[in-house]
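Right, one structure below, let's go through it.
Where a number appears in this text, it was derived from the coordinates with a stated rule and is not lab data. Note that the structure is predicted; figures quoted are calculated from it, not measured. Cβ atoms come from the backbone with ideal geometry, glycine included; neighbour counts cover every protein chain shown.
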Amino acid sequence: MTAAAYLPFLIQALLAAGITGGIIGASHLFGQRARHTKLKDSAYECGVPADGLVHTRFSVKFYLTALLFMLFDLEVVILVPWTFIYREFLHEKIEILGPILFFIGVLVLGLVYEIKKGALEWEK
C-alpha cells in the first residue's frame, strides 16, 4: 500500500488529537481550577448560579444503576456487530454460535444474580 492510502486515517487522527488538545487546553484556561477566575469555587449550571449545596451526595443505587447500564450496554455493543457478521461466518463454515451463546449465558447469570441480590429493586 502506498502512503496516500493512509492519508484519511492520518487526517482523522490529527483532527481528533487537535480537538482533544483544544478542549483540554480550554478547560485549563477557563475552567474552575484556573487561577485568574473570580468564580473559582462557585458552581455553574446552565448560566444560573446554583441554589443550595453544590456537592450533594448520591445514593449508591444511582451508581449501581449506572454500572448495570454499562454492563448491558456492553452486551448490545457486542451483539449488534455479531448479528451483522453471523451470515458471513456461516458461509465460511466458522462456528460462532457457541461463543456468543456462552457470552449471553454469562450475562444472564449476572442478571439472575443481580435480581436475587435485589439490585434492581429501587424501593426497599
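Computed values, structure above
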{"read-out": "Volume per residue of the C-alpha convex hull in the stretch 60-117, rounded to whole Å³", "value": "59 Å³"}
{"read-out": "Ascending count of other beta-carbon atoms within 10 Å, so fewest first, for Phe103, Phe62", "value": "Phe62, Phe103"}
